[in-house]
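This report refers to the structure that appears directly beneath it.
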Amino acid sequence: MQQILTGDAIKVQIVRIDDLLDKMGVREVDLLKIDVEGGEMEVLRGAKKILKSVKHVVVSAEHMPNEAEEVRVFLEAEGFRTKVVGGHIYAER
């Protein structure tokens, strides 16, 4: 069955990654991959606590102008080395 969107709003619950992982008892993350259709910076801002323990981050940031650059700057400020390939940012500690 195909669903056709007519412009009606759909409400969804939003949970910060930090809050979710705290609730689950997760203290360390090896790889964080983010691809949320233009909301990547919001996800990263909601993951400031867990980012301190993340080893690798992959972000698809090709939905908005200058998004990849904004993500790169943010991750470098958090102590990551970054590489941008197209609209993807690869970061590691």
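The values are calculated or read from the model by the stated rules, or taken from the named source; none is laboratory data. All of these numbers come straight from a predicted model, not from anything done at the bench. All Cβ positions, even for glycine, are placed from backbone atoms using ideal geometry, and neighbour counts span all protein chains on display. When the accessible area is computed, the model is the full protein with side chains, heavy atoms only, and any ligands, DNA or RNA have been set aside. Shrake-Rupley method; radii C 1.70, N 1.55, O 1.52, S 1.80 Å.
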Quick one: which residue in Val71, Val85 is β-branched (Val, Ile, Thr) and closer than 22 Å to Val15 by Cα? Val71
In the stretch 72-87, how many are touching a helix residue (DSSP H, G or I) at 6+ places or on another chain (Cβ under 9 Å) and at pLDDT below 95? 3
What is the one condition in (1) at pLDDT 90 or above; (2) open to solvent by 40 Å² or more (accessible area, probe 1.4 Å); (3) among the β-branched types (Val, Ile, Thr) that Val59 does not satisfy? (2)
Spot the failing condition for Glu28; the list is (1) modelled with pLDDT of 90 or more; (2) open to solvent by 70 Å² or more (accessible area, probe 1.4 Å); (3) closer than 24 Å to Gly79 by Cβ; (4) not aliphatic (A, V, I, L, M), and only one is missed. (1)
Give me the pairs: first residue in the stretch 15-37 and farther than 22 Å from Arg93 by Cα, second residue at pLDDT 90 or above, beta-carbon distance under 7 Å, and six or more apart or on different chains, which are they? Arg16/Gly46; Val36/Val43
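Of everything in the stretch 10-25, what is of a type outside the set (Gly, Ala, Ser) and open to solvent by less than 100 Å² (accessible area, probe 1.4 Å)? Give them in sequence order. Before you say what the answer is, go through the steps one by one.
At the first step, the residues of the stretch 10-25 found to be of a type outside the set (Gly, Ala, Ser) are 10-24.
Listed by number, the residues that qualify are Val15, Ile17, Asp18, Asp19, Leu20, Leu21, Asp22.
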It is to be established whether one or more residues within the stretch 73-90 are surrounded by fewer than 17 Cβ atoms within 10 Å (Cβ to Cβ) and basic (Lys, Arg). yes
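Every residue, every condition in (1) part of a loop (DSSP other than H, G, I, E, B); (2) more than 11 Å from the chain's Cα centre (by Cα), yes or no:
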site	(1), (2)
Ile10	yes, yes
Leu32	no, no
Met41	no, no
Ser53	yes, yes
Met64	yes, yes
Arg72	no, yes
Ile89	no, no
